[in-house]
Amino acid sequence: MAEKKKEKGEDTFEVMDLAEYAKKQRWWNQVFGQNSGPIAEKYSVATQIAIGGVTGWCAGFLFKKVGKVAASAVGGGFFLLQIANHTGYITVDWKRVEQDVNKAKKQLKLGAEKPPKEVRTKVDEVTTFVKKNIVLTGGFAGGFLIGLAS
């Protein structure tokens, strides 16, 4: 903010007009801090929102379509297994299924207490990216929701 200057053994400070300094700062720097990112400095806010919105819409639309296909495949598979079980083509050992499910639950509870270092590192990387590119990320999130809805 104020720069320190040395003149003949004395410390002097340059007076800075905070109103002028605030005018020079971009709004996202004021809200999210000085390191609001390299993309924020290269492109205008409108460009960032447009890029984020279009990529978000594409991702949301594809997520919706792929999700429907995956849900249909899984649901159809369960449906066919139930028909095969009901007609006698296959038999299911439900006690063994219950034991396996309970064993998987216990393993998940043990692993969920403390996430591994790799997961924490990736979460930190994503958090840093979102903070540095908040406008682009906001556009992506909005576009993603619109893509899911369309």
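General remarks:
- For the listed peptides 72-81, 129-138, a ranking on the average number of other beta carbons within 10 Å per residue, highest first, reads 129-138, 72-81.
- E125 - accessible surface, heavy atoms, 1.4 Å probe, Å² rounded to 10: 100
- Unsatisfied cross-links (Cα-Cα over 32 Å) in the set K68/K106; K105/K131; K95/K122; K68/K109; K65/K114; K68/K105: K105/K131; K95/K122; K65/K114
- Each Lys and Arg adds +1 at its Cβ and each Asp and Glu adds -1 at its Cβ; summed about the Cα centre, the stretch 96-138 shows a dipole of about 120 debye.
- Calculated on C-alpha atoms, the gyration radius of the stretch 62-150 divided by its Kirkwood radius gives an Rg/Rh of 1.17.
- Protection proxy ranking, peptides 88-97, 51-60, average beta carbon neighbours within 10 Å, highest first: 51-60, 88-97
- Here the stretch 43-150 is assigned +1 on the Cβ of each Lys and Arg and -1 on the Cβ of each Asp and Glu. Its dipole about the Cα centre then comes out at about 220 debye.
The values are calculated or read from the model by the stated rules, or taken from the named source; none is laboratory data. These numbers were taken from a predicted model, which means no experiment stands behind them. Positions of Cβ are generated from backbone atoms using ideal geometry, with glycine treated the same way; all protein chains shown enter the neighbour counts. What goes into the accessible areas is simple: the full protein's heavy atoms, side chains included, and nothing from ligands, DNA or RNA. Shrake-Rupley method; radii C 1.70, N 1.55, O 1.52, S 1.80 Å.
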